[in-house]
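A short worksheet on the structure shown next.
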Amino acid sequence: MSITIYVPGDSSAVSLGADRVATAIANEAAKRSLDIRLIRNGSRGMFWLEPLVEVLTENGRVAYGPVQTGDVAGLFDANFTQGGSHPLCLGLTEELDYLKKQQRLTFARIGLTDPVSLDDYIANDGYRGLSNALKLPQADIVKAVTDSGLRGRGGAAFPTGIKWNTVLNTPSEQKYIICNADEGDSGTFSDRMVMEGDPFVLIEGMTIAGIAVGATQGYIYLRVEYPYAHVALNTAIEKAYQAGYLGADIQGSGKKFDLEVRLGAGAYICGEETSLMESLEGKRGLVRFKPPLPAISGLFGKPTVVNNVISLASVPIILDRGGDYYRDFGMGRSRGTLPLQLAGNIKHGGLVELAFGLTLRELLYDFGGGSASGRPIRAVQVGGPLGAYLPESQFDTPLDYEAFAAIWAVLGHGGIVVFDDTVDMAEMARYSMEFCAIESCGKCTPCRIGSTRGYEVIDDIIAGRDLDKNIPLLRDLCNTLLNGSLCALGGMTPYPVLSALNHFPEDFGIKDKAEAV
Amino acid sequence: MTETGSIQSTVQAITTALKDKPGALLPILHGIQDALGYIPPESVADIAKTVNLSRAEVHGVISFYHYFRKTAPGKHTIHLCRAESCQSMGSKQLEEHVKTRLGIDFHETTADGKFSLEPVYCLGNCACSPAMQIDNEIYGRVSANSFDAALNEVEELA
């Protein structure tokens, strides 16, 4: 009987040598005349252990990692194909603490299956949500999503069911589903992992969305920085068409849904939904004024659902298990699970899907194991480049949309970037303004010009010039950006800037916090 | 066929093949850049005519998006991440090393035409920072040493 070996094809694992390890394993097996089946699975999301090689044994999958090419011959010598002991052996994958403590709903299949195998997908509960949806009236599909309490996972946390309901109730001969896969926030990679590791779940989620609201065309707007996801999505879409899961007659239901991947071109602003639609229409990604809401007049002026990858990838399990099942996870108004991403200077960086409610501290230390450098964690940026920096005193905040809003921070897309005590927070504030200047679409003056003035003022502050004038000037400028910008880029750049100033005034040359006003 | 003629026919073939897609301009520009490595400024008029837009509109789109190039890139393009996560793991020092080693700044190409250096704001490899990309190959936990090794490897393959 052949031996099944898994080596992730996830781009992060590949960035650490997974392709070379896979080749070395195949070569070594051939040399030893061993019959192996090598599967390039998605990543389990434990990146300090990547490349994480798994072997299927009668007791379950046994993990070895991190494996480099030099380890491969030794692994074979240690009989790892039968789960033999070796210094890199981690035991059964499912028993690893980091995984065992998680609640993987959206990420249930990722790392388990061959991402582009439709058979694997179906054998692991895939397309059960769609099968249920095809039996339901449209309004009931929308109701299931509303009942689940799912809120937009892209960052804005708008209730998904309400958005769908608006599109359902707006009559039009053409409607669209757009998946926002322009995951541009630093510290986030959950969308990428879904698209590379389980592309069918996104396709299924979009198909359900299309049927629910009466849209026949879907677009995945994918950032060009994700070439692996592009290949995985296109492969999966082709297979879904061949098997009748996309196209003019989905599984004999008479319902139509077409899906196409469109590439962005390196503009961060195109992660903003109206700018994204402009880009899909072939234009510069200038932000649109709202209203009209995209749900009423979106892509090409038609009613359009724009949802993030994780939101759409959460839909199949909601339709499979029911809205109540999903809603039973979480706290307060944050229902279900959030795939959190531990990044930056963290010992155990990776993907942690959990129900809302855990504290940041638990995540940083119980999962993350503290900083990678071994130095104290000084600041944590949650929610991407437009999220606030949190000092140690705020680490006990529960991971919940409202709890973060209450401390003038954002949970956003669940990206968490960790900095140790060598960080200079004035430099980070300056970078936030510089990033805003580079990425501003130019429509709103406060964002277009204020961002440049912002890093100039911070340069003055860093140089110690006229702090008594320049600190109030920076605050005033931030206030203008906050209130005078159409979208979150200008409107939220003050979050990282002011949180850095408020919590770490000493880095701005201010000894007494009271002087930082 | 002259080089200019071949560029023109490539541009024309791609533009004509894709022009009827809804919102065709980005797919067309991607197609051209995939084929030629950049979007030649002299092709703007042809693209504009085929998709029935003004030259200003086409130029505006090309210049809006960081990814689209107006000049030919080096043989290999290095995208070095500048975003927060990579900064937390020392990407600023790495950036200095890369620029010194290549002798160029961002948006420049080495004199021998081998390497172009571009900044990128996140490759989604944030649990393995700092990250970079050489052509389509992605690298994690990049150090000055591993950068040099990767560069040598790419040069040897060339």
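Only the coordinates and a few stated rules stand behind these numbers; no lab work does. Being a predicted model, the structure only gives us computed values, none of them experimental. Backbone-built Cβ (ideal geometry, glycine too); neighbour counts: all protein chains shown.
For the reader, a short list of remarks on this structure follows.
- Distance between region B:22-56 and region B:137-156 - C-alpha centres, whole angstrom: 33
- Helix axis angle, B:144-157 relative to chain B longest principal axis, alpha carbon, degrees: 50
- Reciprocal of mean inverse Cα separation for region A:330-420 (Kirkwood radius, Å): 12.7
- Folded to 0 to 90 degrees: helix B:55-64 orientation relative to chain B principal axis, Cα: 10
- Each Cα pair under 8 Å and six or more residues apart adds its sequence gap; the mean of these over the residue count of chain B is a relative contact order of 18 percent.
- Stokes-Einstein D for region B:52-101, Kirkwood Rh over Cα pairs, 10 °C, 1.306 mPa s (µm²/s): 116
- Sequence-distant residues sharing a close amide H with A:Asp420 (under 5 Å, placed H): A:Arg378
- Overall shape: prolate for chain B, with the ratio a/c of the largest to smallest alpha carbon gyration tensor axis at 1.5 or above and a/b above b/c.
- Around the amide H of A:Val261, modelled in the peptide plane, lie the amide H atoms of A:Ile220, all under 5 Å away and 5 or more residues distant in sequence or on another chain.
- Rounded to whole numbers, the Karplus 3J(HN,Hα) couplings from phi for region A:54-60 are 10, 10, 7, 10, 5, 8, x Hz, using 6.51 cos²θ - 1.76 cosθ + 1.60 with θ = phi - 60°, and x at Gly and Pro.
- At R0 = 56 Å, FRET efficiency that the Cβ-Cβ distance of A:Ala73 and A:Arg465 yields, to 0.05: 0.35
- Every Cα-Cα pair of chain A was included, and the share exceeding 40 Å stands at 25 percent.
- Shielding of A:184-194 by partner chains, average beta-carbon count, 10 Å: 5
- Chain lengthening between A:Ser393 and A:Thr452 when straightened (0.36 nm per residue, less Cα-Cα): 18.1 nm
- Rounded to the nearest 10 degrees, the angle from helix B:91-102 to the longest Cα principal axis of chain B is 70 degrees.
- Cα-derived Rg to Rh of region A:72-147, Kirkwood definition: 1.19
- Couplings 3J(HN,Hα) for region A:169-178, derived from phi with the Karplus relation 6.51 cos²θ - 1.76 cosθ + 1.60 (θ = phi - 60°), are 8, 9, x, 6, 6, 9, 10, 10, 10, 10 Hz, where x marks Gly and Pro.
- Expected 222 nm ellipticity per residue - DSSP helices of 4 or more, -39500 (n - 2.57), all of the protein assembly as shown, to 500: -12000 deg cm²/dmol
- Structural descriptor for chain A: relative contact order 13 percent, calculated from alpha carbon pairs under 8 angstrom and at least 6 residues apart.
- The slack in the chain from A:Asp258 to A:Glu58, taken as 0.36 nm per residue of separation less the alpha-carbon distance, amounts to 67.9 nm.
- Long-range amide H partners of A:Tyr389 with built H, under 5 Å: A:Ser499, A:Ala500
- Based on Cα contacts under 8 Å between residues 6+ apart, region B:76-157 shows a relative contact order of 36 percent.
- Considering region B:76-157 at the alpha-carbon level, its Rg and Dmax are found to be 11.5, 34 Å.
- A:Trp48, A:Trp408, A:Trp164 arranged by Cβ crowding within 10 Å, fewest neighbours leading: A:Trp408, A:Trp48, A:Trp164
- Averaging Cα coordinates gives a centre for region A:116-168 and one for region B:85-132; these two points are 40 Å apart.
- Reach of A:Lys302 by Cα under 18 Å, taken over aspartates and glutamates that are not fewer than 8 positions away in the same chain: A:Glu173, A:Asp258, A:Glu260, A:Glu272, A:Glu273, A:Glu278, A:Glu281
- Above-threshold pairs, the threshold being 31 Å between Cα atoms, out of B:Lys19/B:Lys92; B:Lys21/B:Lys99; A:Lys143/A:Lys443; A:Lys163/A:Lys283: B:Lys19/B:Lys92; B:Lys21/B:Lys99; A:Lys143/A:Lys443
- Scanning chain A for long hydrophobic helices, with DSSP H runs required to stretch 20 angstrom or more by C-alpha along their axis and to average at least 0.5 on the Kyte-Doolittle scale, returns A:199-213.
- Spin-label proximity, B:Ala13 to region B:74-99 - amide N less than 13 Å from point 7 Å beyond Cα toward beta carbon: none
- Taking the charge dipole of region A:425-516 about its Cα centre, with +1 at Lys and Arg Cβ atoms and -1 at Asp and Glu Cβ atoms, the residue from A:Leu467, A:Cys444, A:Val457 reaching farthest to the positive side is A:Cys444.
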